[in-house]
C-alpha cells in the first residue's frame, strides 16, 4: 500500500503542474489532442504518431509539454508557426517521419523550441529523405533551439535556425548534453546526409545580416562532428560556433560533396568572418585522420576598391590531449580576409605536456589589397608541433601578419611559412625546444617594401634543411629585414638552404644573426648553404653575425654581405673556426667593411675563404671566461661527459644525464619557487628520484604563461610561487556574495614588480564535482 | 503477488532509493519555462531560472532567479524590442552550465549593480542589435567567458569580469565602446576585442590584470585604445593585430611576455609605458606606424624561448629596441 503511495507521490513529483489550456500541455497530447493526433502513452513511455499543433492560450505565450519520466517517441509533426514551447521528458526520439518545428516563414521570426530531457537524451533519427523533416525554427529572423539533455544527443538530420529573409539574421542553437548538477555525462554526435547538419545561417550570401550562433557543450562527454556546422552570414558577418567538451572533440569529414565543415564565413558586402572556438578536456582529433574545412573567412566588398571583410577567429584548445587536424579529408584552417580586408586570427594550443599538435592542413589568415594586412597565427604547444602544409599570414598594403609559434617540444615545418606583405614583411617568431624548418620561411616586403623579421629561438637544435629558406628581403629602396636564429644546441644550415636579408635595389642589407650554444651551452654552428644580406647603401650596414662553439663553414657555404659601404661579417667561435675549401665569406671590403673573427687564444686562424682576406686587425683573440658576466672573453665549450666539471658546466655525470644534471652538464633549476616541493637537489637515488621528478625538472617548464584557471577544474591549482594573482573561485564551493560591490576604477601609474619567470601550474582535475 | 511494504526490507529500501533518485532527477532539471517581466500581458511576473524575459524587469526578492541556483540558463531574453534588465543589486547564479543571461531576441540593456556568476557563460548577446549596454555588472566564476557580445554600437561600462575560465570580455562587432571595466584572473584573455572601430577606454580606461594569457587581445581595425592598464598577465599586456589604430596611455607592466605588441598598418602609439615585462616593452611594427611621443620602456627583460634566455641579436645589435621599438628599426622618441 505504502509502496503504491510512494510511487504515486514520485510520479506527482516528476510531473509538474499542468496548464489547464488545451493543446498546450502534455496531458492534452496524451489525451489525444482533441482528436487531431494520436498518442499512445503509458506511465513510462509515450508515442505520438500524428500531428500536434502547439497553440498557447494567449498570443505569444509559452507552452510546456511535460511528459515527466516518460520516454517520448515522435512519429508525427509537433510544432506551430513561430511558437515558443518546451518539451520535457526522460528521453525524446524523433523517428524518420517525425518532426519538430516552430518555423516563422518569411513573414514572422522563427519560434523557440526548448527540449529539457533526462538521461535518455535526444535522438533525431535520419529522416526518410535528405533534408526532410528538420528540427526547424527558421524564419524572418532565425529562432532559437535550446536542448538541455542529461544524456547523449544524437543528431542525424538537419537542425536549423536559419534566417529566411535577406534582412534578418540567423538564430541560435544551443545544445548541452550531460548535466553538471546531477553529474550526468553526455556526448553529442552529429551525422546525417549531405546538405544536412547544424545551420544558423542567413538566407543567402547577399543578405545584409549576420549568421547566428551554435553552441555545443558535452558535460562529461565528447563531441563527434561528422557533418557540417554553419553560421554563414551576410554583410554583418559570420556567426559563432562554440564547441566545448570535457572529453574529446572529433572533427570528422562531412558527407561526400560537402565542402564546408565548420563555417563562419561572412558574405554580402564585405562581411567579416565570424568565430569558431573549440575547447576539449581531452584531445581534438580528426575522424580516421580526416578533417573537413574549418573556415571563418571574410568576403570582398561589392564596390571595387572598398575594403573587404576581415577574417574571423578560430581557436582550438585541447586541455590534456593532442590536437590533430588532417591530413586526410579536406583539411583547412582559414581565417582569410576578403579582398582589401585583413586576415583574422588562428590560435592553436594545448595545456598538458607532452601532447603534440599536428596540423596537416594549410593554415591561412591572409589579407590582400591596398589596406589588407595579414592576420595572426599563434601556437602554444606543451609538446611537439608540426605543420606539414604551411602557414600563410601574408598581407597587402598593411603588411604581413604575425606568426607566434611556441612549443616546448620540437616545431617542424614542411610547407611554406609566409608573412610577406606588399606593405612591409611581417613578423615570424618561433620559440621551441628544437626547430626543424623543412620549407621556406618568408617575410618578404614586395614590391616596394621593407622585409620583415624572422626570429627563431630554441633550447636545443635548429635545422634548416635543404628545402629550407629564410627570407626577410626587401624591394625598392628599402633596407633588408632581420633574421635571427639562435639555438641552445647545434644550428645547421643545409647545403641548398638560403638565408636572405637583402635590401632592395637601392637599400641597405639587413641583419643576420646565427647563434649556436646560446647563451653558454655547447652547440656548434654548421653552415653549408647560402647566407646573404646584400645591399647598396652608403649609410646602412648589413651585418652577418655568427657565434658558436665550433663554427664550420662547409665547401658550399656562402656568407655574403657585399654592397653596403659599412657591411661586415662577424664570426665568434668559442672553440674553433673551420672554413672548408670552397667556402666564401665575403663583404664589401674597405676600411669600414671587414670580415671580423674572434677566437680563443691559441686557436688556428683559417687561411682562406675570406674576401677581403683577414688582416691583422680583423682577428681578435680572447681568453676564456671563468665566470658568467665577464667581458672581453669567450665562454668556453668544454666536453660534457668527461666527468670533470669545467666552467660553464655545473655538473658532469659522465654522459649519463639524470634528474639533477642534464645532457648539457647543467644542474637543473631546482629552486622552482614552488612552495609545494623541496628545492634541494641531491644525488639521485631511488628514494629521491621519484618525488624529485617533478620538483627538479631537467629543464624548467615554459615560463610563457601564467597559471591559468582551467575551465573544468575541481579546485584551483596550488600556488607554485607567490604570485600576487587573483584566482577564480572554485565552482560550487564559494558562498555567493551577499551584495554587489561596484568595480574600483582601474589603477593608474602603478609601478609593479619586475616580471619573473613564470611556470605553468600542475593541471587540476578537469571535471566539476557533482552537486554536494 | 502482492507484497506489502512492510514485509520485505529490501523492497522498502528500493522504494526509498527510487524516491531519492526521482528527487535528484527533479533537482537536476531546469524548471519549466515561463514568460516573465514587468509587462507580461499587462501583468508583472517574477522571473525564475530558465524563464523568457519578454519585457523590462528590475529583479528583486520575488524573483526566484536571484534566490536559487539555476540548473540551466538563467534568463533568456526574448523580447520584441528594447528592454532593460536591472539586476537590482542581486545575483543570478548558475551551476557551471548554461548562460546566465542569453539574448535571443530584442535588445538588452543590462543594468547593475548586480552579479551574474558561475554559469558556463555569463552573458551572451550575439546579433546586430542584441545588446545595447552593460553597466556596473560583475561577471564571475563562469566556466568559459564572462561576457560574449557581438553587434553594433553597444557599450560596456563599469563592469568586472573575474575568475572566468576563458575570457573575461569577448566582444566583437563594430563601433562598440567599453570604459571603466576590469578583467582579472580570467583563464585566457581579459579583453578579447574583435571587429572594427572599437572605442576602448577614453574615460578612466580599462584594466586587465592577472589573466592567464594576454590582458587585451585585439583584432581588426580602426580601434582607439585610450587608457588601458595591463598588469601581471601571463601573456602580453596588450596584443594587437590591427590596422589604423591608436594606442594612447597604455600602461603595461610585469606581464609574462611583452608589454604592448602591435602589428599592422597605420598604427599610432603615444604616451604609453611598458615596465618590467619579461620579453619586450613596446613593440609596434608595420607600414606607416607612427610614434606619437611619450612612449617609454623600462626594465623589460628581453627574454625569449622556453628557457627564457635573451636573444643575442636583440641584446647586441638592437639593444635599445628591447625596451621600445616602433617601426622596423625605430627607437621610441
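The values are calculated or read from the model by the stated rules, or taken from the named source; none is laboratory data. The model shown is predicted, which means the values in this text are computed figures rather than measured ones. Backbone-built Cβ (ideal geometry, glycine too); neighbour counts: all protein chains shown.
Residues checked against (1) part of a strand (DSSP E or B); (2) within 23 Å of residue A:516 (Cα to Cα):
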| residue | (1), (2) |
| --- | --- |
| A:436 | yes, yes |
| A:449 | no, no |
| A:456 | yes, yes |
| A:460 | no, yes |
| A:463 | yes, yes |
| A:467 | no, yes |
| A:478 | no, no |
| A:486 | yes, yes |
Out of the residues in segment B:82-101 that are touching a helix residue (DSSP H, G or I) at 6+ places or on another chain (Cβ under 9 Å) and within 20 Å of residue B:39 (Cα to Cα), which is surrounded by the fewest Cβ atoms within 10 Å (Cβ to Cβ)? B:88
Does residue B:178 satisfy the criteria of being within 20 Å of residue B:235 (Cβ to Cβ) and either touching a helix residue (DSSP H, G or I) at 6+ places or on another chain (Cβ under 6 Å) or assigned to a loop (DSSP other than H, G, I, E, B) (or both)? no
Restricted to segment A:269-286 and to residues being more than 20 Å from the chain's Cα centre (by Cα) and buried (at least 24 other Cβ atoms within 10 Å of the Cβ), the residue farthest from the other protein chains (Cβ to nearest Cβ) is A:271
The conditions are (1) surrounded by fewer than 14 Cβ atoms within 10 Å (Cβ to Cβ); (2) part of a strand (DSSP E or B); (3) touching a residue at least 40 places away in the same chain (Cβ under 8 Å), and residue A:574 fails exactly one of them. Which is it? (1)
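Could you list, in sequence order, all residues of segment A:374-398 that are in contact (Cβ under 8 Å) with a residue 60 or more places away in the chain and assigned to a loop (DSSP other than H, G, I, E, B)?
A:375, A:382, A:383, A:388, A:389
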Sole exception among (1) farther than 21 Å from residue B:172 by Cβ; (2) modelled with pLDDT of 95 or more; (3) within 11 Å of another protein chain (Cβ to nearest Cβ); (4) touching a strand residue (DSSP E or B) at 6+ places or on another chain (Cβ under 9 Å) for residue B:124, by number: (1)
Can you tell me which residue in segment A:501-528 is nearest to residue A:647 (Cα to Cα), limited to those that are buried (at least 24 other Cβ atoms within 10 Å of the Cβ) and more than 14 Å from every other protein chain (Cβ to nearest Cβ)? A:522
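One line per residue, one yes/no per condition, for (1) assigned to a loop (DSSP other than H, G, I, E, B); (2) in contact (Cβ under 8 Å) with a residue 60 or more places away in the chain; (3) under 23 Å from residue B:181 (Cα atoms):
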| residue | (1), (2), (3) |
| --- | --- |
| B:32 | yes, no, no |
| B:80 | no, no, no |
| B:100 | no, no, yes |
| B:115 | no, no, yes |
Every residue from segment A:27-67 that is modelled with pLDDT under 85 and assigned to a strand (DSSP E or B): A:39
So residue A:415 clears everything in (1) more than 12 Å from every other protein chain (Cβ to nearest Cβ); (2) surrounded by fewer than 24 Cβ atoms within 10 Å (Cβ to Cβ); (3) not in a loop (DSSP other than H, G, I, E, B) except one condition, right? Which one? (3)
Determine whether residue B:141 is at pLDDT 95 or above and at positive phi. yes
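Conditions (1) within 11 Å of chain A (Cβ to nearest Cβ); (2) surrounded by fewer than 24 Cβ atoms within 10 Å (Cβ to Cβ); (3) farther than 19 Å from residue B:73 by Cα, marked per residue:
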| site | (1), (2), (3) |
| --- | --- |
| B:103 | yes, no, no |
| B:116 | yes, no, no |
| B:178 | no, no, yes |
| B:184 | yes, no, yes |
Let me confirm something: among B:161, B:149, B:172, which residue is outside any loop (DSSP other than H, G, I, E, B), more than 10 Å from every other protein chain (Cβ to nearest Cβ) and either at pLDDT 95 or above or closer than 15 Å to residue B:209 by Cα (or both)? B:149
With criteria (1) modelled with pLDDT under 95; (2) facing chain B (nearest Cβ under 8 Å); (3) within 15 Å of the chain's Cα centre (by Cα), residue A:404 comes up short on (2)
Unmet requirement for residue B:65, which otherwise passes all of (1) surrounded by 24 or more Cβ atoms within 10 Å (Cβ to Cβ); (2) more than 20 Å from the chain's Cα centre (by Cα); (3) part of a strand (DSSP E or B): (3)
Can you name the number of the only condition in (1) more than 14 Å from every other protein chain (Cβ to nearest Cβ); (2) in a loop (DSSP other than H, G, I, E, B); (3) closer than 18 Å to residue A:347 by Cβ that residue A:257 fails? (3)
